[in-house]
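For reference, the structure discussed in these notes is given below.
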Amino acid sequence: MKNRREFMKSSLVISAGLVAAGVAPASAAENTKASIFYYSQKNQGRWEGKAQSHAPVVTVDGNKVTIETKHSMSPEHYIVKHSLLTSTGEVLGESVFFPTDKPISTYEISGGHKELFALSFCNLHDLWVSEITL
Ligand SMILES: [Fe+2]
């Protein structure tokens, strides 16, 4: 990647492609061809052993959803972005990080969701997804 902007564009294209393809990010993670494009606690693929520092950790407190990636942050290696999506691919929130930030984001959601998907993108270790059942 030539620069941060180009990298962000490519990560958005990947995320949008998953949504456009109707891929429910984590629920299908273990059993579909789409699982080659992202990783999860159960599907670590070529990044085997990196789930603890890359799979997003989600906590829900009422209507407040917090996503945390337990990953170190440096200019060379950091979490670029979090997204919170519904099972139909609706984006409920997104946060972009700089290497100086902590990879924690919080979103207010409205009721009615039964499952959500938290996405975390590492600049070196690709896209990781965690499913949240409410
Ligand atoms: Fe990483």
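The values are calculated or read from the model by the stated rules, or taken from the named source; none is laboratory data. As the structure is a prediction and not an experimental result, all values here were calculated from the model. Virtual Cβ from ideal backbone geometry, glycine too; neighbours counted across all protein chains shown.
Okay, here's what the table says:
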| read-out | value |
| --- | --- |
| Pairs, first closer than 15 Å to SER120 by Cβ in the stretch 75-102, second aromatic (Phe, Trp, Tyr) and modelled with pLDDT under 95, C-beta under 8 Å, six or more apart | VAL80/PHE7 |
| Total residues in the stretch 87-116, condition surrounded by fewer than 15 Cβ atoms within 10 Å (Cβ to Cβ) and either over 20 Å from SER72 (Cα atoms) or modelled with pLDDT under 95 (or both) | 9 |
| Filtered residue count, the stretch 40-74, keeping only those that are away from the ligand (no atom under 16 Å from the Cβ), part of a loop (DSSP other than H, G, I, E, B) and touching a residue at least 40 places away in the same chain (Cβ under 8 Å) | 1 |
| Qualifying residue in the stretch 105-120 (condition: outside any strand (DSSP E or B), within 16 Å of the ligand (Cβ to nearest atom) and closer than 25 Å to ILE36 by Cα) | no |
| Among residues of the stretch 117-134, those that are surrounded by fewer than 21 Cβ atoms within 10 Å (Cβ to Cβ) and in contact (Cβ under 8 Å) with a residue 24 or more places away in the chain, counted | 7 |
| Residue in the stretch 75-102 that is farthest from the ligand (Cβ to nearest atom), counting only those that are part of a strand (DSSP E or B), β-branched (Val, Ile, Thr) and closer than 25 Å to LYS42 by Cβ | THR86 |
